[in-house]
Structure formats: C-alpha cells, structure tokens
Amino acid sequence: MPAHFRVKVDPNLCKSCELCIAVCPKKIMVISDQKNDLGFRLALCTDHSACTGCMACALVCPDVAIEIIRTE
Amino acid sequence: MSEKIIFTRTEGLKPAATTYCPGCGHGVAHRILAEAVAEAKALERTVAVAPVGCAVYGYDYWNFDTTEAAHGRTPAVATAIKRVLPDRLVICYQGDGDMASIGMAEIVHAANRGEKFTVIFINNANYGMTGGQMAPTTLIGQKTATTPYGRTSEEAGYPMKMAEFLAQLPGVKYAARGALHKPGLIRTAKSYIKRAFEIQEAKAGFSIVELLSICPANWGLSPLESVQKLEELMLPIYPLGLIKDEGPKKEGA
Amino acid sequence: MSQIVFAKGNEAMAEAAILAGCRYYFGYPITPQNEVPAYMSRRMPEVNGVFLQAESEVAAINMVFGAAVTGVRAMTSSSSPGISLKQEGISYMAGCELPGVIVNVVRGGPGLGSIAPAQSDYWQSTRGGGHGDYRTIVLAPHTVQELVELTMDAFDLADFYRNPVLILSDGLLGQMMESVVMPDPQERRKTGWLAGRELPPKTWALTGAKGRAPQLIRSLLMAPGELESHNLHLAEKYAAIEKNDAQAEIIGDPNPEIVLAAYGSSARLAKGALEILKAQGIRAALFRPITLWPFPTQALAKLAVKADRFLVVEMSMGQFIEDVQLAVAREKSLKQVRIELLARPGGGIPLPEEIAGRAREVLA
Ligand SMILES: Cc1ncc(C[n+]2csc(CCOP(=O)(O)OP(=O)(O)O)c2C)c(N)n1
C-alpha cells in the first residue's frame with residue numbers, strides 16, 4: 001500500500017500568512033473560513049490523498065503550525 | 001497500518017505561539033536555529049543572546065538558556081559568555097539595526113577577535129520593532145518610515161553587505177547568506193547554521209549566518225507580495241550562498 | 001593570610017579584585033586608571049583569568065554583563081567620560097539584577113575635562129546615571145588601604161544583593177603609592193562588612209539548561225503591571241540596602257561646634273584640617289560617608305542634633321552638599337543651621353589649611 005499523508009494545521013498557531021499555499025506543489029492548501037481566537041482564518045489542506053508529504057508547507061510556516069503525518 | 005509524524009515542532013522550541021506578525025521571517029529563523037541546536041544535542045549546553053529588536057522575545061520561544069542584551073551590544077555579551085564558558089554553544093542573534101547600525105563596533109571587533117560563537121543575523125532591510133525605519137541594509141529607493149521618498153545613496157549611503165564585510169576579517173572562519181522564504185532555501189539556511197555550529201565547536205573562530213527575511217507588516221505588503229519583493233529586489237543586492245568556510249574539513253568531504 | 005605591599009592605588013585595587021575571586025576584567029584605556037588594565041593584562045593570565053581590552057567602554061560594560069550572566073565575578077574600570085558611556089549597561093545590569101563591580105577613577109569634567117583628580121561624578125554615581133528606577137551601591141574609599149578593602153567588599157555586596165556596585169576612586173587615590181595590608185579575602189568575608197551573612201547561590205545564572213528548565217535573564221517586562229511589580233521588588237531591595245548597609249566614619253570631637261563633611265580624597269584632606277582645628281582649640285568633627293549610596297543619613301542626622309555649623313568639602317561644584325542638606329534637614333530646619341560649601345572643582349585640591357581656615361570663618 002502506498003503511503004498517505006496528512007497535513008495538520010494547529011488552529012492556535014496559524015496566522016493566515018498564506019506562505020504554505022504558495023509553496024504547495026499540488027495546490028491543495030487553502031485559507032478556510034474558519035477563524036481562530038486571534039481572528040486569523042486558518043490554512044487547510046483540501047485533499048489529503050493528493051499530498052506527497054514534501055513538507056514544503058511545514059518548512060515555510062513561520063509559526064510552526066503544521067504537522068505532517070505519514071500513514072502506511 | 002502505521003502512523004508516523006514526519007514533521008513536527010522541534011524540542012528546541014517551547015510549545016508557545018509567537019507574537020510575531022503573520023509571515024515574519026523570525027519564526028522560520030527561530031525554528032531552524034532551534035532544530036540545529038537540538039540536532040547538535042546542545043539544548044542543555046547552549047546559552048543564547050537575544051537582541052533588542054523584534055527577536056528580543058526569542059527567549060520566550062527557544063528551549064535553551066537565553067539572556068537579553070542592550071541594543072547592539074549582543075556580540076559583547078556573547079563574547080564574555082563564551083570566554084567564561086568555552087565549551088558551551090553560544091549563539092548571538094541579531095537584527096540589522098542591532099548589528100549593522102548601533103552595534104557596528106561590537107560586531108566588527110568580536111569578529112576580528114575571532115570570538116568563537118555563532119551569529120545569526122536577520123536582514124529584513126528595516127527596523128522591525130520600532131515601526132519600519134531605515135536600516136543600514138535598506139535598499140536604494142526603498143521607502144521606509146524614515147525614508148518616505150526612498151533611500152538615496154547621497155543622503156544615506158548604500159546597503160551594507162554584512163556577511164561579505166565581516167568575511168574579510170581573518171578571525172571570521174565562516175560566513176554564509178541564506179534566505180527563509182522557500183522550502184529549499186530554508187533547508188540550505190539550516191545547513192549553514194549547522195556548519196557554523198561545527199566551526200564553533202571546533203573552536204576555529206567566528207561564524208556568521210546572514211538570513212534574508214521578509215517583514216510584511218513594515219514593508220506594507222502581504223506576506224506573498226513580500227516574498228516577491230525580496231526575490232526581485234533583495235536577492236540581486238544580497239546574493240545567497242557560502243561566502244567563506246575556513247573551518248576544519250568535514251569528515252569524508 | 002594578610003600580606004603587606006607597597007603599591008599604587010590603582011594596582012592595589014586590581015590585586016584586591018583578583019584576591020576577591022574576580023577572574024574576568026574588561027576595560028578600555030583612559031587616564032588616570034590606565035594602571036588597572038595594564039595590571040590586569042599581566043595578572044589575569046597568571047591566575048587563569050581573562051583580560052580583554054574591549055573596543056570601547058560600552059562594549060566593556062556589556063562584557064561584564066555577559067560574564068555576570070554566567071554567574072562569575074567580573075569587573076570593569078574607567079574614568080569619568082568612560083563611565084558616562086557605561087551608563088546604559090549599568091542600568092541593564094540593575095534591571096536584570098546582575099552583580100558586577102565598576103570602578104570610576106574620577107577625573108574632572110564636563111566633557112573631556114582634565115585628567116586631574118575630581119569628585120564631580122557624585123550626582124552621576126548616586127542618582128543612577130543611566131535610565132530607569134534603579135540604584136547602584138556606591139563606595140567611596142579615602143586611602144589605598146580602604147580602596148583595597150572596599151574592593152573586596154564590593155564583590156560580596158554585589159553578589160549578596162544581585163546589584164552593580166560602583167567604587168568611586170579618583171586620580172589622587174589611584175596614583176598614590178602607599179603601603180597596604182592585603183587582607184585575606186576569606187578572613188574579611190568572615191569578619192568584615194558582610195560578616196554573618198551568607199552569599200546566596202547563583203541559581204539564576206545561565207550555563208546551559210542541564211538538569212533544569214531553560215532560564216532567561218531580561219529586563220524587558222511588557223505585560224501590564226509586570227514592570228511595576230518588578231520595580232517595587234527592586235525598591236524593596238534598595239530599602240534593605242539603605243537599612244543595613246549605609247556606612248560612615250565619624251571622628252573628632254564628640255561634641256562638635258562644627259562638622260566637616262567630606263568623602264574620598266577630600267575627607268583624607270579634611271582629616272588634616274581636623275588636626276589643625278583641634279590644635280587651635282576648636283571642637284570639630286568629620287563626617288565621612290563610606291557609602292555614598294546608600295547615604296548614611298542617620299549618622300549625619302545624629303551629628304546635626306549636636307552641631308549647627310557644617311562645612312562641606314568637595315572637589316566638585318556643590319553636588320555632595322545636597323545629600324548633606326537632606327540629611328541635616330531630618331533633624332533641624334535648614335534655617336537654623338549654617339551649611340557652607342568649600343568647592344574645588346576642575347582639578348583643584350582643598351588643602352588642610354584652606355579647609356581649617358574656612359571652618360573658622362563658618363564659626364565666626
Ligand atoms: C539604545 C537604544 N536605541 C534605540 C532603541 C529602540 N529600538 C528598539 S528595536 C530597534 C531596532 C530593531 O531593528 P533590527 O535590529 O533591525 O531588528 P528587527 O526588529 O527588525 O528584528 C530600535 C532602534 C533601543 N531599544 N535602545
């Protein structure tokens with residue numbers, strides 16, 4: 001079975017800067033309508049099945065809000 | 001079926017949200033610095049110096065001992081810490097106002113003495129904390145709070161290239177410039193920091209890693225627009241790459 | 001074991017610092033304290049210490065800050081213009097509650113002034129000098145012997161209170177050769193100023209977070225109320241210093257008709273004046289503060305119960321006299337007393353005859 005990946009955005013940390021969206025090669029990161037306590041709209045992965053686990057989003061995130069989980 | 005977390009917060013960072021503005025480069029710089037300290041297994045023997053500037057709050061985020069220093073005197077404070085504790089990993093974190101303006105004497109002399117600590121230098125082309133004034137690194141033509149018509153060389157001189165400038169000093173054994181806005185560049189920047197630590201641990205001399213950073217709030221741009229501006233305007237003036245490595249050769253290299 | 005040596009004030013002071021366990025010295029050349037860095041550059045390597053000629057006084061005080069952060073004993077010395085440059089760093093040390101010793105071998109000012117001895121940094125020393133609500137302990141020796149002893153005490157006081165301590169020397173003391181008994185620092189700890197007081201362990205020092213949570217040292221306190229409570233905590237500490245550590249020497253006639261008030265080199269000269277006055281049948285006493293901050297207000301106020309004529313002798317233009325007035329005013333209305341000033345600013349030296357002459361005028 002091929003590996004699957006999950007992009008987990010910590011709602012307490014995301015500041016909606018959109019840097020993850022720009023660097024995602026699969027264009028599956030978006031800004032959602034959901035807001036956190038600070039009033040920032042949260043980044044969200046729309047299609048985990050397309051995620052390749054490249055970690056680009058996590059690497060550019062200035063707030064270390066992204067965790068990547070690999071499932072096999 | 002097995003689950004494995006392949007990217008998560010390093011133990012080098014406390015589990016705290018930063019107060020930095022959205023997109024601010026200090027966040028990525030803090031993270032790769034903290035990862036490098038953790039990977040060097042040095043969390044318990046690091047003493048860092050946080051500058052006056054936005055990154056003064058570094059001590060709220062880094063999971064190692066940290067002291068504040070007066071504005072620009074960061075290298076003087078780091079000098080004494082390293083002289084007292086030669087076996088600790090000493091990190092001197094500075095902004096461009098802190099280093100290249102008010103603290104120019106301290107950085108030049110610490111570098112020239114070959115002080116054996118590592119400087120992480122954040123070049124965001126302005127003073128962040130005080131509201132986006134001109135820094136010595138501000139680009140020609142760049143509008144800031146104190147260059148409302150754009151910086152001119154006639155009035156304010158030229159952008160200071162600190163990494164190249166310091167690299168000329170014999171006490172400096174390592175100088176490199178990286179950036180923080182793209183995954184590949186971030187990986188490279190982290191490899192510079194790790195190499196700088198090797199130079200420090202080998203007691204070879206002074207090491208500096210300059211990191212180009214966006215400052216969206218003070219540049220008056222969105223984070224994505226800021227990335228574009230950095231690539232378009234900063235990269236030609238501040239070329240990325242290794243500038244000097246006179247440390248001991250790496251194993252197998 | 002005590003040891004008798006014949007030494008210049010500046011060098012004796014430097015050796016006293018080493019005996020007190022100071023192994024980190026950071027300085028920058030300026031007359032009349034150049035013997036200190038020169039001596040330290042010779043001696044520190046012999047005792048496995050660090051001498052570093054800093055790029056400026058600004059760098060030097062921030063190196064003291066950095067060394068203090070790690071919990072070791074560190075010092076710097078300079079003279080007036082250099083001490084002006086150190087003020088921001090001293091304020092940071094006070095704010096961060098870091099111990100350290102700063103020696104000012106005072107010369108005349110303002111500006112570049114002269115290299116002659118002076119006492120014109122009294123306000124700068126006792127009123128903070130830098131920014132913010134803070135205090136530095138200020139010690140004012142009047143002989144080389146006392147300079148040596150107070151230098152040892154300075155390190156203990158700094159560690160005990162986690163506070164910078166300033167030693168106010170001057171060109172006379174620094175350049176003077178005298179024979180001194182170098183006290184045994186252990187003995188002095190047991191029997192001297194801080195006898196009976198334990199120095200607290202430096203659990204706050206940064207040496208790497210081994211076996212404990214990471215620590216931080218800072219003076220930036222931005223949360224609402226945070227700085228106010230920190231400053232109140234500092235104020236409590238300062239109140240304790242004022243209560244426990246104000247020191248003065250009072251000599252001369254126990255029922256004086258006139259009190260001479262002087263510190264440091266002026267006091268040494270005033271002692272000569274006391275002898276002259278005594279020979280002339282005048283009942284005079286000398287009030288000599290050893291700590292300029294905390295000012296020994298009580299000791300002076302007690303004298304003010306007995307006397308109502310005062311002659312303040314200072315090598316500055318009326319700075320020290322303000323503290324004398326404030327202390328006397330605790331006992332008597334300033335309208336009932338006569339407090340006169342003998343000021344010799346800008347390198348002038350008040351000789352005993354001059355002081356005695358002025359004292360007789362004040363009594364007339
Ligand atoms: C002696 C002194 N002068 C000025 C300031 C005000 N100040 C605080 S931060 C700063 C500039 C910081 O800019 P930089 O070093 O570029 O760091 P950044 O905030 O951009 O990360 C200044 C001028 C100060 N705190 N102390």
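The values are calculated or read from the model by the stated rules, or taken from the named source; none is laboratory data. Just so it is clear, the model here is predicted, and its values are computed rather than measured. Neighbour counts are summed over all protein chains in view; Cβ atoms, including those assigned to glycine, are modelled from backbone coordinates with ideal geometry. The area values use the complete protein model at the heavy-atom level, side chains included, leaving out ligands, DNA and RNA. Shrake-Rupley method; radii C 1.70, N 1.55, O 1.52, S 1.80 Å.
Contact order, relative form, for chain B: 18 percent (alpha carbon pairs under 8 Å, 6 or more residues apart, mean separation divided by residue count).
Heavy-atom accessible surface, probe 1.4 Å, ligands and DNA/RNA ignored: which residues of segment B:184-215 lose at least 30 Å² versus the isolated chain? Those are B:Arg187, which lose 30 Å² or more relative to the chain on its own.
A Cα-only calculation for segment C:123-268 places Rg and Dmax at 18.8, 64 Å. Could you pull out which residues in segment C:253-288 have an amide N less than 14 Å from a spot 7 Å beyond the Cα of C:Lys332, following the Cα-Cβ vector? So the set is C:255-261, C:284-285.
Comparing Cα centroids, segment B:106-134 and segment C:1-80 end up 28 angstrom apart. Annotation: C:Arg218 carries an accessible surface of approximately 70 Å², with a 1.4 Å probe and no ligand, DNA or RNA atoms counted. A:Thr46 to C:Lys237: FRET efficiency via 1/(1 + (r/R0)^6), r the Cβ-Cβ distance, R0 45 Å, to the nearest 0.05? After rounding to 0.05, the efficiency reads 0.20.
Leaving out ligands, DNA and RNA, calculate the buried accessible area for the pair C and B with a 1.4 Å probe, summed over both sides, in Å² to the nearest 100. Could the numbers behind the result be given before it?
Values: alone 15150 and 11860 Å², together 24380 Å².
Summing both sides, the interface buries roughly 2600 Å².
Which whole-number percent gives the relative contact order of segment C:61-122, counting Cα pairs below 8 Å spaced six or more residues apart? Write out the running numbers ahead of the final one.
On the way: 77 pairs, mean separation 20.9, N = 62.
Here the relative contact order equals 34 percent.
On the principal axes of its alpha-carbon atoms, chain C has extents of 70, 49, 42 Å, going from largest to smallest. Subtracting the Cα-Cα distance of B:Glu3 and B:Thr146 from their residue separation scaled by 0.36 nm leaves 46.2 nm. Using Cα-only point scatterers and the Debye equation, what is log10 of I(q)/I(0) for chain B at each q in 0.07 Å⁻¹, rounded to two decimals? Rounded to two decimals, the profile gives -0.21. I want to verify the translational diffusion coefficient of the protein assembly as shown in µm²/s; compute it with Stokes-Einstein, Rh as the Kirkwood radius over Cα pairs, at 4 °C and 1.567 mPa s. Roughly 47 µm²/s, to the nearest whole number.
Residues of segment B:1-29 whose accessible area (probe 1.4 Å, heavy atoms of protein chains only) drops by at least 50 Å² once all protein chains are present, relative to their chain alone: B:Met1, B:Glu3, B:Ile6, B:Phe7, B:Arg9, B:Pro22. Take the solvent-accessible surface of the protein heavy atoms, probe 1.4 Å, and return the percent of it on segment A:4-71 that carbon and sulfur atoms account for. Roughly 51 percent, rounded to a whole number. Remark: accessible area buried at the B-A interface is about 2400 Å², both chains counted, probe radius 1.4 Å. For C:Ala261, the residues whose amide H sits under 5 Å from its own are C:Phe287, C:Leu311, C:Val312, C:Val313, ignoring neighbours fewer than 5 places away on the same chain, with H placed 1.01 Å from N.
For segment B:26-245, with only Lys/Arg (+1) and Asp/Glu (-1) charged at the beta-carbon, what is the dipole magnitude about the Cα centre, in debye rounded to 20? Present the calculation step by step, with values, prior to reporting the outcome.
Numbers: 22 positive and 21 negative charges, 98 e Å.
In total the dipole reaches around 480 debye.
Averaging the Cα positions of each part gives two centres, and for segment A:6-54 and segment C:249-296 these lie 78 Å apart.
So for chain C, averaging the separation of alpha carbon pairs under 8 Å that are six or more residues apart and normalising by length, what relative contact order in percent results?
Relative contact order, chain C: 17 percent.
Look at the dipole of the protein assembly as shown built from charges on Cβ: of C:Gly108, C:Gly129, C:Asn48, the Cα furthest out on the positive end belongs to C:Asn48.
In this simple spin-label model, placing a label point 7 Å from the Cα along the Cα-to-Cβ direction at both B:Glu155 and B:Glu232 gives a separation of 2.3 nm. With all protein chains in place and ligands, DNA and RNA left out, the 1.4 Å accessible area ranks C:Met152, B:Met160 as B:Met160, C:Met152, largest first. Taking the accessible area of chain B, probe 1.4 Å, and keeping the other protein chains in place, the carbon and sulfur fraction comes to 56%.
Let me see the P(r) profile for chain A: every Cα-Cα distance counted, bins of 10 Å, each bin given as a percent of all pairs. P(r) for chain A, in whole percents per bin: 23, 55, 20, 2, 0. Comparing the full protein assembly with the isolated chain, the residues of segment C:70-110 losing at least 30 square angstrom of accessible surface (1.4 Å probe) are C:Thr70, C:Glu88, C:Tyr92. When the surface is traced with a 1.4 Å probe over the full set of protein chains, C:Arg338 keeps roughly 80 Å² accessible.
A straight Cα-to-Cα reach below 22 Å connects C:Lys210 with the lysines B:Lys14, B:Lys41, B:Lys82, B:Lys116, B:Lys194, B:Lys203, C:Lys202, residues fewer than 8 places away in its own chain not being considered. Accessible surface comparison of B:Thr18, C:Thr191, probe 1.4 Å, protein chains only, largest first: the order is C:Thr191, B:Thr18.
Averaged per residue, chain C has 38 square angstrom of accessible surface, using a 1.4 angstrom probe with ligands and nucleic acids left out. Taking amide hydrogens as placed 1.01 Å from N in the peptide plane, the amide H of B:Ile6 sits under 5 Å from those of A:Ile68, A:Ile69, A:Arg70, each at least 5 positions away in sequence or on another chain. Amide hydrogen proximity for C:Thr136: with H placed 1.01 Å from N in the peptide plane, the residues at 5 or more positions away or on another chain lying under 5 Å are C:Gly128. Average accessible surface for chain B: 37 Å² per residue, computed with a 1.4 Å probe over protein heavy atoms with every protein chain in place. Centre-to-centre separation between the Cα atoms of segment C:173-229 and those of segment B:61-105: 21 Å.
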